[in-house]
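The values are calculated or read from the model by the stated rules, or taken from the named source; none is laboratory data. Note that the structure is a prediction, hence the values are computed from the model and not measured. No Cβ is skipped: glycine too gets one built from the backbone with ideal geometry, and neighbour counts run over all protein chains shown. Side chains are part of the model used for accessible areas, which takes the heavy atoms of the whole protein and leaves out ligands, DNA and RNA. Shrake-Rupley method; radii C 1.70, N 1.55, O 1.52, S 1.80 Å.
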Amino acid sequence: MKPTIVYLHGLNCSSKIFSFLHEKLPDHTPHFIDYQSHQSIEDSYEDVIKLLPKKPFHLVGHSLGGVIGYLIATRTKLPLKKLVSISSPFGGSSQAGILRWLYPDFKVLKDIASSSKLMREVATATNTKPFLSLVSTAGALPFMTGANDGVVTYESMTAIPASKRVELNANHFEAVQDMNGVAAITEFLFKEQK
């Protein structure tokens, strides 16, 4: 039986970001979810939960989608088998703490700030699901503190433990089209299928 993969995009994006990845992965049933990523993470989480399949599934989340996927893995008893995150800010973002004042309609910025209650929950949650974390390491911006991929810091992407972590020589958005990432996801999600 073909596995089902749920795809969750990040902030200000859509499921179209996964077109390349979906085409390159072995045969599977895709379940693309689009949600209003500017709202609070709790609201996005609730919206996504309602759209998840009832049968067993894997979840691939890019950036904010990986954070929401991690919340699904740690908060629910849904039939999530394996989780993959790509360039996800598990340690939050210090820039979001500043940007939330400039963009008050983007409630997500308050939640993704490093010191937020939600980011503290992510940092202390216990995940028992197999979890692959793809960390993008290229595209650094000089005004961001520490190593970064142009959007998220290395420190934030590696703030929580993963079953397996793979570094990609790609920036934040290239990571979803990186062939080394495709190979890592294929091995992680389809190994038992072969």
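Centre-to-centre, using Cα atoms only, the range 116-194 and the range 12-42 are separated by 16 Å. Electrostatic tally near residue 76: other residues with Cβ closer than 15 Å to its Cβ, Lys and Arg +1, Asp and Glu -1, net +4. Between residue 101 and residue 36, the FRET efficiency from the beta-carbon distance, with R0 = 25 Å, is close to 0.75. If R0 is 22 Å, the Cβ-Cβ spacing of residue 121 and residue 43 corresponds to a FRET efficiency of close to 0.90. Measuring nothing but how far apart in sequence close Cα pairs (under 8 Å, 6+ apart) lie, relative to its length, the chain scores a relative contact order of 19 percent.
Taking each residue as 0.36 nm, the span from residue 77 to residue 165 lengthens on full extension beyond its C-alpha to C-alpha distance by 29.3 nm. In the full protein context, the chain carries 48 Å² of accessible surface per residue, based on a 1.4 Å probe and ignoring ligands, DNA and RNA.
Given a Förster distance of 30 Å, report the FRET efficiency between residue 128 and residue 29 from their Cβ-Cβ distance, rounded to the nearest 0.05. The pair residue 128/residue 29 has a calculated efficiency of 0.80. Simple point charges give the picture: +1 on the Cβ of Lys and Arg, -1 on the Cβ of Asp and Glu, and for the range 42-194 a dipole about the Cα centre of about 680 debye. Among residues other than residue 35 with Cβ under 9 Å from its Cβ, the summed charge is -3 (Lys and Arg +1, Asp and Glu -1). Taking a Cβ cut-off of under 12 Å around residue 135, the surrounding Lys, Arg, Asp and Glu residues balance to a net charge of -2, with basic ones at +1 and acidic ones at -1.
Of the accessible area of the chain, computed with a 1.4 Å probe over protein heavy atoms only, carbon and sulfur atoms account for 54 percent. Across the range 72-121, Cα-Cα distances exceeding 13 Å account for 62% of all pairs.
Its residues counted as N, the chain yields a C-alpha radius of gyration over 2.2 N^0.38 Å of 0.95.
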